[in-house]
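Reading through the structure tokens given below for one structure.
The values are calculated or read from the model by the stated rules, or taken from the named source; none is laboratory data. Note that the coordinates shown come from a computational prediction; the quantities given were computed from them, not determined experimentally. Note that each Cβ is placed from the backbone with ideal geometry, even for glycine, and that neighbours are counted across all protein chains shown. Side chains are part of the model used for accessible areas, which takes the heavy atoms of the whole protein and leaves out ligands, DNA and RNA. Shrake-Rupley method; radii C 1.70, N 1.55, O 1.52, S 1.80 Å.
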Amino acid sequence: MSVQAADERTLAEQLADFAAQTSYDALPDAVVQSVKMRVLDTLGIAVAAAPLETSRAARRWAQEQGGHEHASAVGVEERLPAHLAAFVNGVLAHSLDYDDTHLPSVLHPSASVVPAALAAAEKYGADGRSLIRAIAVGLETCVRLGMAGYDHEARNSTFFEHGQHATSICGAMGGAVAAAVIAGDRETVLHSLGVAASMAAGIIEANRTGGTVKRIHCGWAAHSAVSAVELVRHGLTGPPTVLEGRFGFFEAWLHGRFDPTAVSEGLGETWAVPDIFFKPYPANHFTHAAVDAAAALRAEGIGVEDLERLTLGVPAPNLRTIGEPIEVKRTPQTGYMAQFSGPYAVAVGLLGGAGLGAGLDDYTDELAADPERRRIMALVDVVADERCTEIFPRQFPAVLTARLRDGREVVHEVLTTRGGPQRPLSFEELAAKFEDNAARTLTAEQVAALARACDELDSCTDLVALMRPLTTTDAGVPAGATTDA
């Protein structure tokens, strides 16, 4: 199915046509497979985040609201109203910042869209195929709105320049489309976009000066998405010009600086969904290539005792996040601080980590102070690399140069980010990440069953049964969280 651009249709009308006219059978195989993997990934992250105090706070708040039992939430035995289940699951899905990333918009789309779609699917008795279709069109909507706010000249998101969390703002809109195609028709999608735009929100000051509020952003986006759809079903309407109108979404958030073709061009023909990057490691995305480059040194048989000096070259915009001040980055005081450290990422790669090469167990307070890791970090300088800067932000590359005690110099370049379309993760690798996350609170049998159910999601007829094992999970060791990259 393809949607031909038509000048007389508003952008919201084009998105509504796209969502309503895209059947499951019209989805490319790559999109279907990608959605299955994103459901698996999102649920695993949510389970791993269940023990966090912020996760417990979100669950307590949701349970206090009362209401009809319509959908399942991770860590809540009773079912909740759909918008509250979406809230809880969205909070947990984003709290570890282990969720997928679209580049160059730097959006994390699944953490809002998947919880919104799951809640709507449970409430309305949808099957796995309907869920896949809903998530696909919701993710596509989210990413396209994010790219409409991407400044190609500045190579940065205008949302972020304004202090706005594009993930939750665009996630509310994508989540609304996902929930609306499950709950209604083309008009439901159109009006849900118009209503959700007045609920979309997110401010990222917490990235600078602290606070845990960012952990609820994707939960609130999913809550807004489902709430918008429910209000539309009760008769509320939204403006058809909600996106490009004089007082619409793009004027409000981007001061009118946006690219409408990012929304409409190739809609229904060219899909962004398969190209959304999975995160293989639970750390700031800017550090991932450093892990890989250091792992390549280890694969050559180079050990800590062989090293005299290490220089990590990264894109200039990344330097302030993972390399400055260097004294702090070489001596992180907590596992949380280690997730932002280029030198620590090098240490993880050299020593070998859990999971797919670095897992949640590698970012603990104890390991941040580990003497061997501190010795490695003391050898690492982090500098701006011109070639990496040119590649950024479509990739988060790194170049690691090792000067050895025997006088040799060894260079490893990692110019593409693992988990993206150039270096994709297989379903088996995503399943391994899922197991590393979910096995913290689920039994081995439950982990295997849920992985199998996600792999066979297109044949699932009972989404309530799929979610049921997750509703009693909570026990475990809380893990840290990273920034929005």
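Structure values in brief
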item	result
Every residue from the stretch 227-260 that is of a type in the set (Phe, Trp, Tyr) and assigned to a loop (DSSP other than H, G, I, E, B)	247, 258
Test result for residue 368, of a type in the set (Gly, Ala, Ser) and either surrounded by fewer than 17 Cβ atoms within 10 Å (Cβ to Cβ) or under 30 Å from residue 472 (Cβ atoms) (or both)	no
Enumerated helices (runs of 4 or more DSSP H) restricted to the stretch 293-383, each holding at least 3 residues that are closer than 23 Å to residue 394 by Cβ and at pLDDT below 95	316-322
Boolean, residue 104 is in a loop (DSSP other than H, G, I, E, B) and either closer than 30 Å to residue 362 by Cα or touching a residue at least 60 places away in the same chain (Cβ under 8 Å) (or both)	yes
Residue 339 vs. criteria crowded, with 17+ Cβ neighbours inside 10 Å, in contact (Cβ under 8 Å) with a residue 40 or more places away in the chain and farther than 26 Å from residue 327 by Cα	no
The stretch 105-116, residues that are at pLDDT 95 or above and either open to solvent by 10 Å² or more (accessible area, probe 1.4 Å) or more than 20 Å from residue 55 (Cβ to Cβ) (or both)	109
Checklist (1) open to solvent by less than 10 Å² (accessible area, probe 1.4 Å); (2) more than 22 Å from the chain's Cα centre (by Cα); (3) farther than 30 Å from residue 58 by Cα applied to residue 304, failing item	(1)
Test result for residue 328, free of Cβ contacts under 8 Å to residues at least 60 places away in the same chain, surrounded by fewer than 21 Cβ atoms within 10 Å (Cβ to Cβ), among the β-branched types (Val, Ile, Thr) and farther than 21 Å from residue 280 by Cα	yes
Residue 361 charged (D, E, K, R) and surrounded by 15 or more Cβ atoms within 10 Å (Cβ to Cβ)	yes
Selection count, the stretch 184-217, where residues are part of a helix (DSSP H, G or I), touching an Asp or Glu at 6+ places or on another chain (Cβ under 8 Å) and farther than 13 Å from residue 16 by Cβ	2
Restricting the stretch 51-82 to residues that are assigned to a helix (DSSP H, G or I) and more than 30 Å from residue 285 (Cα to Cα), the residue that is most open to solvent (accessible area, probe 1.4 Å)	64
Residue that is least open to solvent (accessible area, probe 1.4 Å), among those in the stretch 203-218 that are touching a residue at least 24 places away in the same chain (Cβ under 8 Å) and over 17 Å from residue 92 (Cβ atoms)	204
Among (1) part of a loop (DSSP other than H, G, I, E, B); (2) over 21 Å from residue 21 (Cα atoms), the one test that residue 224 misses	(1)
Subset of the stretch 19-44 [open to solvent by 10 Å² or more (accessible area, probe 1.4 Å), in a helix (DSSP H, G or I) and more than 16 Å from residue 274 (Cα to Cα)]	20, 21, 25
Count of residues meeting criterion [open to solvent by 50 Å² or more (accessible area, probe 1.4 Å), touching a residue at least 12 places away in the same chain (Cβ under 8 Å) and under 22 Å from residue 302 (Cα atoms)] in the stretch 384-421	5
Members of the stretch 268-289 found to be closer than 19 Å to residue 96 by Cβ, modelled with pLDDT of 95 or more and not aromatic (Phe, Trp, Tyr), listed by number	276, 279, 280, 287, 288
Number of the exception - residue 159 against (1) surrounded by 24 or more Cβ atoms within 10 Å (Cβ to Cβ); (2) modelled with pLDDT of 95 or more	(2)
Top-ranked residue of the stretch 461-480 - restricted to ones that are assigned to a loop (DSSP other than H, G, I, E, B), more than 11 Å from residue 76 (Cα to Cα) and modelled with pLDDT of 50 or more, ranked as least open to solvent (accessible area, probe 1.4 Å)	462
Which numbered condition residue 126 fails, given (1) buried (at least 24 other Cβ atoms within 10 Å of the Cβ); (2) touching a residue at least 40 places away in the same chain (Cβ under 8 Å); (3) of a type in the set (Gly, Ala, Ser)	(1)
In the stretch 229-243, the residues that are of a type outside the set (A, V, I, L, M, F, W, C) and in contact with a Gly (Cβ under 9 Å, 6 or more places away or on another chain)	233, 237, 238, 239, 240, 241
Which listed residue is small (Gly, Ala, Ser) and over 25 Å from residue 394 (Cα atoms), from 196, 154, 172, 148	196
